[in-house]
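Take a look at the structure set out below.
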Amino acid sequence: MVAKLVELVREAAVQARGVARTYPEACSADALPWTVIARFDADVRGHVERDPRIEDGRDQVLIAAVNLAEAAPGDGETPERERLVKAINDLEWVTLSRGIANRAAAALGYGEAGERLRDAG
């Protein structure tokens with residue numbers, strides 16, 4: 001059962017949204033993209049089969065984070081923040097709907113290799 005891996009995806013998304021919503025208090029502009037994606041990379045990325053849709057979603061989060069970091073505070077920052085939160089939501093969705101547990105996940109007891117995350121319900 002991949003329930004633990006699904007939980008990690010959701011927790012990574014919650015953490016990323018928290019950073020996005022509290023930026024710039026959460027971290028510096030230089031660190032924002034990597035801070036937003038850190039938990040996903042640490043807890044999820046190495047435990048799901050490589051999928052171009054998931055990688056594209058991750059790239060969109062990084063791009064949106066850079067755009068927010070480059071926006072001047074009070075100068076149209078709100079749309080950039082909303083785009084970042086949407087990109088995080090999209091990454092969460094694509095990972096949960098398309099992700100497949102890999103052997104590393106199976107070794108940690110996160111489910112059987114080849115098991116789809118969406119099957120966890």
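The values are calculated or read from the model by the stated rules, or taken from the named source; none is laboratory data. This one's a predicted model, so the numbers in the text were calculated from it and none came from an experiment. Using ideal geometry, Cβ is built from the backbone for each residue, glycine included, and neighbour counts are taken over all protein chains shown.
Name the pairs: first residue in the range 44-56 and closer than 17 Å to Gly114 by Cβ, second residue of a type in the set (S, T, N, Q) and outside any helix (DSSP H, G or I), Cβ to Cβ under 7 Å, at least 6 apart or on different chains?
His47/Asn102; Val48/Asn102; Glu49/Asn102
Find the residue count for the range 16-31, including only residues that are assigned to a helix (DSSP H, G or I) and either over 13 Å from the mean Cα position of the chain (by Cα) or closer than 16 Å to Gly57 by Cβ (or both).
Total meeting the criteria: 5.
Checking Ala105 against (1) touching a Pro at 6+ places or on another chain (Cβ under 7 Å); (2) within 23 Å of Lys4 (Cα to Cα), which test does it fail?
(1)
Starting from residues that are of a type outside the set (A, V, I, L, M, F, W, C) and modelled with pLDDT under 95, keep the ones in the range 1-32 and report whichever is surrounded by the most Cβ atoms within 10 Å (Cβ to Cβ).
This residue is Tyr23.
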